[in-house]
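Scroll down for the structure; my scribbles are underneath it.
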Amino acid sequence: MSTTAATHLGAKRSDEARRRMSEAQTGKTQSEETKKKRADANRGQKRSEESKQRISEALKGNATGSHIRWHVNKGITNPECKLCQENNQ
């Protein structure tokens, strides 16, 4: 690990800085080696309540998007799908 990288560990970044970094990464893909390193580095780490909430909301949005794509847009009702059941009530 370089000394430059070590100086940024645990850095708190503003919402604006995080947005700019996210935009810079849009469309880029990570190698399988990089994905594995990042997963290994985060394994066993405790998540804050804020992080847990953000992840939960993101997953919920993903499920809703999938539901719309696979069921609503095709006019299909799946009796095993929770979102289909909620919409039918």
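Estimated from the Cβ-Cβ distance and a Förster radius of 25 angstrom, the FRET efficiency linking E33 and K12 is about 0.35.
Rounded to the nearest 0.05, the FRET efficiency derived from the C-beta distance between Q45 and K82 at R0 = 30 Å is 0.50.
Mean residue ellipticity, 222 nm, helices only, the chain: the sum of -39500 (n - 2.57) across DSSP H runs of n ≥ 4, divided by residue count and rounded to 500, is -18000 deg cm²/dmol. The R19 and H71 beta-carbon pair, evaluated with R₀ = 22 Å, returns a calculated FRET efficiency of approximately 0.10.
No lab work stands behind these numbers, since they all come straight from the coordinates. What you are looking at is a predicted structure, and each value in this text was computed from that prediction instead of being measured. Neighbour counts run over all protein chains shown; Cβ positions are idealised from the backbone, glycine included.
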